[in-house]
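**Q** Below: one structure in structure tokens.
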Amino acid sequence: MRTLYVVTHPEATHHVERVVGGWHDSDLTPDGRRTAPAVARALRSTVPEESKVELISSDLQRTVQTAQEIADVFDVKPVLDRRLREKSYGEAEGKPQEWLDQRFITPPAVGDRLGHDEGVAGAETKGAFAERVYAVMDDILKHPYEHQIVVTHGFALTFIVAWWIGMPIESLGYANFRAPSGSITTLREDDFFHNRQVVSLGDTRHLPE
């Protein structure tokens with residue numbers, strides 16, 4: 001039995017400052033820093049004590065800070081992989097969200113949504129973003145752990161879930177799985193049929209009120 005726990009980092013400064021996230025290296029806010037230990041405790045209460053756990057995280061500060069709280073609880077060292085980063089918004093990163101909104105070209109309702117140019121220099125297409133996430137998840141699946149924790153970002157989670165259930169990249173044009181900040185998504189594969197289950201999507205029951 002293999003179980004993946006996919007964590008979306010809690011509230012970060014770019015959320016409250018209303019600036020574009022992407023690869024902009026924002027920190028957790030004070031609320032985010034209070035939330036991260038709750039995520040770690042929820043995972044510790046779920047994963048069997050005797051299990052060996054692998055922890056893999058995006059290398060941006062908001063995910064590293066989240067991963068470190070989890071690492072402290074499980075006594076493991078997080079493995080950082082830049083391929084788990086959020087979508088790159090190119091020159092828009094760190095700029096006011098309004099700046100991006102004024103320039104953003106929405107994808108067509110029908111047509112090439114994966115290769116669509118959003119009108120911002122240096123921004124990743126949805127297709128390139130998906131290929132990056134699929135590649136890192138293919139590598140993670142090769143690791144011999146029954147319990148793996150992946151710390152990433154909200155948009156990236158869509159492609160992790162799609163990868164898990166075997167959606168081909170060319171079918172991802174309309175895919176969108178929503179998960180709140182600080183949530184845990186649980187994915188499980190059985191050892192007999194090797195069927196893959198989405199046990200929970202964006203669970204927030206552990207978050208402080």
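Every number here is computed from the coordinates shown, using simple stated rules; none is lab data. As the structure is a computational prediction, the values presented were derived from the model and not from experiment. Because the Cβ atoms are built from the backbone with ideal geometry, glycine has one as well, and the counts that use them run over all protein chains shown.
**Q** Using DSSP to call loops (not H, G, I, E or B), can you name the trypsin sites (Lys or Arg not before Pro) in the range 31-140 whose Cβ has at most 15 other Cβ atoms within 10 angstrom? All intermediate terms of the calculation are to be shown ahead of the outcome.
**A** Working: sites: ARG33, ARG34, ARG41, ARG44, LYS52, ARG62, ARG82, ARG83, ARG85, LYS87, ARG103, ARG113, LYS126, ARG132; in loops: LYS52, ARG85, LYS87, ARG113.
Of the trypsin sites (Lys or Arg not before Pro), the ones in loops of the range 31-140 whose Cβ has at most 15 other Cβ atoms within 10 Å are LYS52.
**Q** Please turn the phi angles of the range 56-63 into ³J(HN,Hα) values with the Karplus equation 6.51 cos²θ - 1.76 cosθ + 1.60 (θ = phi - 60°), one per residue in order, whole Hz, x for glycine and proline.
**A** Coupling constants for the range 56-63: 10, 9, 3, 8, 7, 4, 5, 7 Hz.
**Q** Separate question: Which of rounded, prolate or oblate describes the range 1-157 when judged by the alpha-carbon gyration tensor and an a/c cut-off of 1.5?
**A** Details: a/c = 2.77, a/b = 1.56, b/c = 1.78.
In terms of gyration-tensor shape, oblate.
**Q** If contacts are Cα pairs under 8 angstrom and at least 6 residues apart, what is the relative contact order of the chain in percent? Provide the component values of the computation, followed by the final result.
**A** Working: 414 pairs, mean separation 64.8, N = 209.
With pairs under 8 Å counted, the relative contact order is 31 percent.
**Q** With a ≥ b ≥ c taken as the square roots of the eigenvalues of the C-alpha gyration tensor of the range 151-209, please select rounded if a/c is under 1.5 and otherwise prolate if a/b is larger than b/c or oblate if it is not? Numbers along the way, then the final one.
**A** Details: a/c = 2.92, a/b = 1.25, b/c = 2.33.
Because a/c hits 1.5 or more and a/b fails to exceed b/c, the range 151-209 counts as oblate.
**Q** Pairwise over distinct Cα atoms, reciprocal of the mean inverse distance: report the Kirkwood radius of the range 61-109 in Å, one decimal place. Write down the numbers at each step before the final one.
**A** Details: mean 1/r = 0.0727 Å⁻¹.
Computed over the range 61-109, the radius equals 13.7 Å.
**Q** Residue by residue through the range 142-154, what is 3J(HN,Hα) from phi via Karplus (6.51 cos²θ - 1.76 cosθ + 1.60, θ = phi - 60°)? Round to whole Hz and write x for glycine and proline.
**A** Using θ = phi - 60°, the values come out as 6, 6, x, 10, 7, 10, 10, 10, 10, 9, 8, 10, x Hz.
**Q** Could I ask something else about it? Let me check I've understood the local charge: for ASP27, count other residues with C-beta under 10 angstrom from its C-beta, Lys and Arg +1, Asp and Glu -1. What total comes out?
**A** Values: positive: ARG33, ARG62; negative: ASP25.
Here the charged neighbours net out to +1.
**Q** Okay, moving on. What stretch of the chain, leaving out the sites themselves, is the longest with no chymotrypsin sites (Phe, Trp or Tyr not before Pro) in a DSSP loop having at most 12 other Cβ atoms within 10 Å? Write out the running numbers ahead of the final one.
**A** Details: sites that count: PHE192, PHE193.
Result, exposed sites excluded: 1-191.
**Q** Would you please give the residues with an amide H less than 5 Å from that of ARG2, counting only those at least 5 places away or on a separate chain, with H modeled from the backbone geometry?
**A** When sequence neighbours closer than 5 places are left aside, the close amide H contacts are GLU189.
**Q** A follow-up question, please. Return the inverse of the average 1/r over all pairs of distinct C-alpha atoms in the range 1-91, which is the Kirkwood hydrodynamic radius, in Å to one decimal. List each step's numbers first, then the result.
**A** Values: mean 1/r = 0.0726 Å⁻¹.
Hydrodynamic radius (Kirkwood, Cα pairs) of the range 1-91 is 13.8 Å.
**Q** May I pose another question? Give, rounded to the nearest 20 debye, the magnitude of the charge dipole that the chain has about its Cα centre when Lys and Arg contribute +1 at Cβ and Asp and Glu contribute -1 at Cβ.
**A** Numbers: 23 positive and 32 negative charges, 37 e Å.
Roughly 180 debye, rounded to the nearest 20.
**Q** If you don't mind, another one. Would you please give the residues with an amide H less than 5 Å from that of VAL79, counting only those at least 5 places away or on a separate chain, with H modeled from the backbone geometry?
**A** LEU55, ILE56, SER57
**Q** Around ALA175, which amide H atoms from residues at least 5 apart in sequence, or from another chain, sit under 5 Å from its own amide H, with H modelled in the peptide plane?
**A** none
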